[in-house]
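One structure below.
Bear in mind these aren't lab numbers, they're just calculated from the coordinates by the rules spelled out. The shown structure was predicted, so the numbers you read here are calculated from the model rather than taken from an experiment. Note that each Cβ is placed from the backbone with ideal geometry, even for glycine, and that neighbours are counted across all protein chains shown.
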């Protein structure tokens, strides 16, 4: 199943100085591993604030949470999940009766 995930930086607790190049590279490496494993299908940076929007492939909702919680910025509490939305196929592209 696919899920759309919206995350955000916890800027009320961590200012820009906390998001060092080393921390951001560690996060990027974690996301690359999830991409190579087929968990993260696509990812975008948010245009309205710090954070990301991800298209994730997982069996269960808990698998999505586990994958995200293994990332360094999530482990440190600097990033959090805003929403996880399960996706279904769009019926408009299916066979017509």
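Quick look at the numbers
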read-out	value
Subset of region 53-68 [part of a helix (DSSP H, G or I) and exposed (fewer than 12 other Cβ atoms within 10 Å of the Cβ)]	62
Members of region 2-52 that are surrounded by fewer than 12 Cβ atoms within 10 Å (Cβ to Cβ), touching a residue at least 40 places away in the same chain (Cβ under 8 Å) and over 15 Å from residue 77 (Cα atoms)	49
